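Okay, structure first, notes after.
The values are calculated or read from the model by the stated rules, or taken from the named source; none is laboratory data. Quantities reported herein were computed from a predicted structural model and do not represent experimental measurements. Quick reminder, even Gly has a Cβ in these numbers, built from the backbone with ideal geometry, and neighbours come from all protein chains shown. SASA here: full protein model, heavy atoms, side chains in, ligands and nucleic acids out. Shrake-Rupley method; radii C 1.70, N 1.55, O 1.52, S 1.80 Å.
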Amino acid sequence: MTYTIEEIARALGTEARGDVSLQIRRAAEPASAGPDDLALAMSPKYAEALSQGQARAAMVWPDADWQALGLRAAILAPRPRMAMAGLTRMMDPGQGYGPGIHPSAVIDPSAELGIGVCVGPLTVIGAGAKIGAGSVIGPHCYVGTDTVLGEGAFLREMVSIGARVHIGDRFIAQPGARIGSDGFSFVTPEVSGAENVRKTMGDQGGAKAQSWLRIHSLGAVRIGDDVEIGANATIDSGTIRATEIGDGCKLDNQVHLGHNVRTGQDCLFAGQTGISGSVDIGNNVVLGGQCGVVDNVFIGDGVIAAGGTKILSNAPAGRVLMGYPAVKMETHTEIYKAQRRLPRLLRDVAALKKAVSKLGSSE
Amino acid sequence: MTYTIEEIARALGTEARGDVSLQIRRAAEPASAGPDDLALAMSPKYAEALSQGQARAAMVWPDADWQALGLRAAILAPRPRMAMAGLTRMMDPGQGYGPGIHPSAVIDPSAELGIGVCVGPLTVIGAGAKIGAGSVIGPHCYVGTDTVLGEGAFLREMVSIGARVHIGDRFIAQPGARIGSDGFSFVTPEVSGAENVRKTMGDQGGAKAQSWLRIHSLGAVRIGDDVEIGANATIDSGTIRATEIGDGCKLDNQVHLGHNVRTGQDCLFAGQTGISGSVDIGNNVVLGGQCGVVDNVFIGDGVIAAGGTKILSNAPAGRVLMGYPAVKMETHTEIYKAQRRLPRLLRDVAALKKAVSKLGSSE
Amino acid sequence: MTYTIEEIARALGTEARGDVSLQIRRAAEPASAGPDDLALAMSPKYAEALSQGQARAAMVWPDADWQALGLRAAILAPRPRMAMAGLTRMMDPGQGYGPGIHPSAVIDPSAELGIGVCVGPLTVIGAGAKIGAGSVIGPHCYVGTDTVLGEGAFLREMVSIGARVHIGDRFIAQPGARIGSDGFSFVTPEVSGAENVRKTMGDQGGAKAQSWLRIHSLGAVRIGDDVEIGANATIDSGTIRATEIGDGCKLDNQVHLGHNVRTGQDCLFAGQTGISGSVDIGNNVVLGGQCGVVDNVFIGDGVIAAGGTKILSNAPAGRVLMGYPAVKMETHTEIYKAQRRLPRLLRDVAALKKAVSKLGSSE
C-alpha cells in the first residue's frame, strides 16, 4: 500500500510542500531511507543524515529549508510525535493474523461474536462471552466465561482474560497480558508479625508463626474505552467489587495492578510499575518505569512520578514525585545533591569539632 | 446458590443475630448492596454507607448496634479478614472452566490422571506426567514430561510447568505462571570484570571482554503443599538439585525465584519481588512488593521486609527491614528523617565554619 | 546415558585422576550423591559433605587430595563454573518435547521449516515464517508472520514472537518470553505536564489534562546469534527501525527491553531489569537484577551495574555503578556509610552550634 505526500499530509492535518504527488511506501530513518520512503527528519540533528540515504521526501520541522536538504517534497510537522502518531497508524502493516474465525479456535456455542470479529488459531472463547463487532482476537488467546469485550478490540497472541470481566471499546492487549488473575490477599487466624510491623513501623511484637488463609476474588475487572495493556502485564480481580481501569489508560509491559485498584482516565504507567491492592488513582496520572505504590493510598489527579519512584503515602493532585520513599522531585534533587556532599560534610564536621574543642580549651 | 445467614455464620465459626433465615446470594459493598446481598460493614466507617444501599443483612464488628444500622440480620466478625477468607471461599463463582477432559486437550498416553481430574481446552499434558485426583487444569496449560502434581490442584489458563517438577497437594497457579524455566547461570572462560567487581566492590581489574557460556539446569523444581504462584511469576529450575518452595508459601504476580532458591514454609512474597539464585530463605518470611534479594544470601525465619527493600546481605531471623540497601526499619526511618534535614544541615555547617573561623581569628 | 570419568574430563578439556573408567550417570551434590554420581566438590567447603554421600568420583579443585577424600576417581576443575558449563551441557536430560512435527500444530502452508525442525503440540507458525534447520519449537508457541529464526533455535513452551522479527542462530527462549510486542509510545496533542517536568525537573507548568494518542511500532526486532531470552521477558518492537539485540546477549526472566533499544554483543541483564525506549547499550554490559535505565541514554562498553541500580544518565565505558540514582559503586559505598552516620552527625552539629554560640557569647 502506498500513499502520496498529499494524502499523508491531509491525514495528519498538516501541510505539505513540493511535489506532493510523490508515492510513499514506508517511513524510514534518514540514513537508511530509500527513494520511495518518507524520511523522518523532524529536527536539524536528524536531517543531517539525509545525505546518507536516498529519500526524496521527508517529514521536517516547520521552518526547515527542505529544498536545501535535497528533497523534492516535505511534510511539515510542528509537533513531531503527534505527526508520528498519525503516520505510524497509516503505515502499520499489522500482525497478519488473517481474517475470519480459524477452524482450530474453540468457541463455546453460547458465546456471542459481533459482526466482523476475527478469531485466531487455537484461541478459546468461553461460555457466555460477548465480543464486540470488528474485534480481532489473536492466536492462542483465552476469553473467559461471561466476559464482555467492546467493539474494535485487538488482542495480540496469548492474551488471557478471566471470567466476568467487562471491557470497553477499542481495547488493545499486548502478548501475554493477563486480565482477571486472582488478587493476592491472605490472612492469618491471629494477628501476624506483618500486621504489627505496619502499626509500629518496625516491631513484630509477640506474633507467632502461622499459615495463610486465602481471601478469594469475587469481583473481576472493569476496563473503560481506549485502554491498552502491555505484554505480560497483570491485572488482578477485585475482592468484592471489580478492579477498575478508566477510559484512555495505557499500561506498559509487565505493569502489575493489584486487586481493588481504581484508576481514573488517561493514566499512563510505564514498564514494570506495580500498584498494590486498593490504591485509588485519579485522572491523568503518569508513573515512570518501575514505580511502586503501597496499598490503600490515594494518588490525586495529574500526579507525575519519575522512574523508580516508590510512593508510600497519599499523593495530592498535581504533585511531581521522585525517590524511595517518594518526595517532591525538587526535594529529591536537593537531598541527592546534599548526599553527594555527605562524605565531605563528615570531614568538615570532624574538623569543626576539633577547632571548637581547641577554642574552648584555649578560652 | 444461596445461603442463609445461619449457614454462613456456622461456616465461618462465628455468631449471627436477628433473622438468621434470610437468604443471601452475594457479598457486596454497603453502598451497592441489594436486598439479597450480605453487606460488608466490618467497621463503623464502612457501615455509614449502608443507608445508600438496600442490604437487609451485613457482616459487622462484634459490638455493632446492627439494629440501629437498619439491618434485619447480622453476622459478627471479630477478625474481619478471617471472616472474608471464609465468606469469599463460599461465594466464589469460579472460572466456569467446565467439567471433564476437553476433547481438544493433547494428553500423552503415558500420563496418569487421578479421579475427577478436569483438563481444559488446548491443554498439553506431557509424557509420564501424573496429575492428582480432583485437580482442575485450565485451558491452554502445559504440564511437562514426568512432572507430578498433587491432589486438588487448580491451574488457571496458560500456566506452564516444565519437566520433572514435583508439586504437592492443593497447588494454585494464576494465569501465565511459569514453573521450571532454566536458571540464569553463565560463565566466561576467564575471570570476568563482574567477578572482579564483586571481590573489590567496584574495580573491574584487567578482565578482558568475553562471551558467556551457559550452565544448564539439571535440577527442576520441588514445591510443597498449599502453595500459590501468581500470574506471570517465574520459578527457575535448580542447577543440580531442585529449587524448593516450602509448604504454604504464597507468591504474588510477577514474582521471580532464581535457580537453587530454597524457601521454608508459609512465606509470602508480594508482587514483582525478585529472589536471585541460591538464596536460602527460612519460614514465615514476608517480603513486600518489588523487594529484591541478592544471590547466595540467607534470610532467617520470620524476616519481614517493606515494599521496595533490596536485601544485599544475610538477614538474621526476626529482622524487620527496609531500604536500598536494606537496613533495620527503625534505622531506615532515622536515616530518612535525617536525609530530609540534609539541605538545612549543609547550610548550618557552612555557617558554623564561618563562625568558628571568625572566633579563631578574633582570638 | 552414562559417561566415563575419562570421557567427561576430555569433553571439559581438563584432567582426570584415578579410575577414569568409572561410569557416571548424573551430577549430584556431595551429600546426596549415589555411587554412580559425580559429586560436585570444587572447594574444600563442599568436599566436607562427601562423607555423607556415596560418591566414588567427584569434580574437585586442582590440588585436592582426592584419595584422602575417599574417592576412587576425580576430575580436576581449575575454574569450577567453566567445568559446570561443560558438565551440565553433557548431562542435560532436556524437556522431552518429542521429535517431529506434532499433528496438532497449525503451520501456515507458506512457512518454511529447515531440515530436522521439531514443532510441539498446539504451536502456530505464521505465514511466510522461516525456521532454521535443527530448531526445536516447543509446545504452545507462536512464530509470527514473515519472522525468521536461524538454525538450532530452542523455544520452550508458550514463547511468542511477533511479525517480521529476525533472529540469528542458536536462539534460546524460556517459557512465556515475548518478542515483538508493540512499543509503549504515546503523545498528547499539546505539550503535556510530563513533558514540562522533564525539562524543568519538577514543574508541570500550565499543561492541561489530555488523552493519549498511540504511536505504532513499525520496526519489529532484530536479534543476533547465541542470544537467550528469559521466561516472561518482553522485547518491544522498534518504532521505525528494529529494536536490536547483539550476538551473545543473555537476558534473564522478566527483563524488559523497550522500543528502539540497541545492545552490543555479550551483554548480560539479570532478572526483572528494565531498559526504557531508545537506550543505546555497548558490548559486554552487565546489569544486575532489577536494574532500570531511563530512556534515550547511552551505556558504554563494559559498564557493570549492581542489582537495583537505576541509571538516569549516560554511563561512560567501563563504569561500575550502583544506587538510585546510579553513581560510581565506590561513591555509593562512601555515601551509604555516611548515611548511616547521619543521625549522629545531626546530633554533633546541634552540639557544635550550642558550643559555638556559647563561645561567641563568652567572647
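Scanning the stretch C:112-131 for residues that are within 12 Å of another protein chain (Cβ to nearest Cβ), on the phi < 0 side of the Ramachandran plot and part of a loop (DSSP other than H, G, I, E, B) yields a count of 6. Regarding A:R17, is this residue within 14 Å of chain C (Cβ to nearest Cβ) and either closer than 20 Å to C:G238 by Cα or at pLDDT 95 or above (or both)? Judged against the criteria, A:R17 is not a match. Scanning the stretch B:210-245 for residues that are under 23 Å from the mean Cα position of the chain (by Cα) and closer than 13 Å to C:M84 by Cβ yields a count of 1. Evaluated against (1) more than 12 Å from the chain's Cα centre (by Cα); (2) part of a loop (DSSP other than H, G, I, E, B); (3) more than 22 Å from B:S237 (Cα to Cα), C:D266 falls short on exactly one condition, (1).
Listed here are the residues, each with its yes/no results for (1) within 26 Å of B:G292 (Cβ to Cβ); (2) of a type in the set (V, I, T); (3) surrounded by 24 or more Cβ atoms within 10 Å (Cβ to Cβ); (4) at pLDDT 90 or above.
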| site | (1), (2), (3), (4) |
| --- | --- |
| A:A306 | yes, no, yes, yes |
| A:S313 | yes, no, no, yes |
| A:R319 | no, no, no, yes |
| A:A326 | yes, no, yes, yes |
| A:T333 | yes, yes, no, yes |
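Sub-6 Å Cβ pairs linking a first residue in the stretch C:193-222 that is modelled with pLDDT of 95 or more to a second residue that is acidic (D, E), at least 6 apart or interchain, are C:S211/A:D266; C:H216/A:D92; C:S217/C:D182; C:R222/C:E244, ordered by first then second residue.
For the stretch C:132-145, a residue qualifies if it is more than 8 Å from chain A (Cβ to nearest Cβ), open to solvent by less than 10 Å² (accessible area, probe 1.4 Å) and more than 21 Å from B:G126 (Cα to Cα), and exactly one does: C:V143. Among residues of the stretch B:206-223 being small (G, A, S) and surrounded by fewer than 22 Cβ atoms within 10 Å (Cβ to Cβ), the one that is farthest from the other protein chains (Cβ to nearest Cβ) is B:G206. Residue count for the stretch B:72-88 satisfying the condition of being surrounded by fewer than 23 Cβ atoms within 10 Å (Cβ to Cβ) and out of contact with any Leu (no Cβ under 9 Å at 6 or more places or on another chain): 3.
Exactly one residue among B:A39, B:A28, B:A9 is touching a helix residue (DSSP H, G or I) at 6+ places or on another chain (Cβ under 8 Å) and at pLDDT 95 or above, and that residue is B:A39. Per the listing A:V286, A:V261, A:V279, A:V297, the residue uniquely under 30 Å from B:D37 (Cβ atoms), of a type in the set (A, V, I, L, M, F, W, C) and open to solvent by 10 Å² or more (accessible area, probe 1.4 Å) is A:V297. Selection within the stretch C:146-172: residues that are touching a Phe, Trp or Tyr at 6+ places or on another chain (Cβ under 6 Å) and in a strand (DSSP E or B). The member of this set that is farthest from the other protein chains (Cβ to nearest Cβ) is C:I172. Filtered by the rule that a residue be assigned to a loop (DSSP other than H, G, I, E, B), within 11 Å of chain C (Cβ to nearest Cβ) and under 17 Å from B:Y336 (Cβ atoms), the stretch A:295-315 gives A:G308, A:T309. Can you find a residue in the stretch A:340-354 that is in contact with a strand residue (DSSP E or B) (Cβ under 6 Å, 6 or more places away or on another chain), open to solvent by less than 70 Å² (accessible area, probe 1.4 Å) and not aromatic (F, W, Y)? Checked against the condition, which is being in contact with a strand residue (DSSP E or B) (Cβ under 6 Å, 6 or more places away or on another chain), open to solvent by less than 70 Å² (accessible area, probe 1.4 Å) and not aromatic (F, W, Y), the stretch A:340-354 yields no hits at all.
The rows are residues; the columns are (1) facing chain B (nearest Cβ under 9 Å); (2) touching a Cys at 6+ places or on another chain (Cβ under 9 Å); (3) part of a loop (DSSP other than H, G, I, E, B).
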site: C:G271; (1), (2), (3): yes, no, yes
site: C:G277; (1), (2), (3): no, no, yes
site: C:A317; (1), (2), (3): no, no, yes
site: C:E330; (1), (2), (3): yes, no, no
site: C:T333; (1), (2), (3): yes, no, no
site: C:D348; (1), (2), (3): no, no, no
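The single condition among (1) open to solvent by 30 Å² or more (accessible area, probe 1.4 Å); (2) within 7 Å of chain C (Cβ to nearest Cβ); (3) in contact with a strand residue (DSSP E or B) (Cβ under 9 Å, 6 or more places away or on another chain) that A:G360 does not meet is (3). Of all residues in the stretch B:233-252, those being under 28 Å from A:L257 (Cα atoms) and in contact with a Lys or Arg (Cβ under 6 Å, 6 or more places away or on another chain) number 2. From the list C:T234, C:T243, C:T200, exactly one residue is surrounded by fewer than 23 Cβ atoms within 10 Å (Cβ to Cβ) and polar (S, T, N, Q). Which is it? The match here is C:T200. Filtering the stretch A:100-111 to residues that are in a loop (DSSP other than H, G, I, E, B) and either touching a helix residue (DSSP H, G or I) at 6+ places or on another chain (Cβ under 8 Å) or under 23 Å from C:H140 (Cβ atoms) (or both) leaves A:G100, A:H102, A:P103, A:S104, A:A105, A:D108, A:A111.
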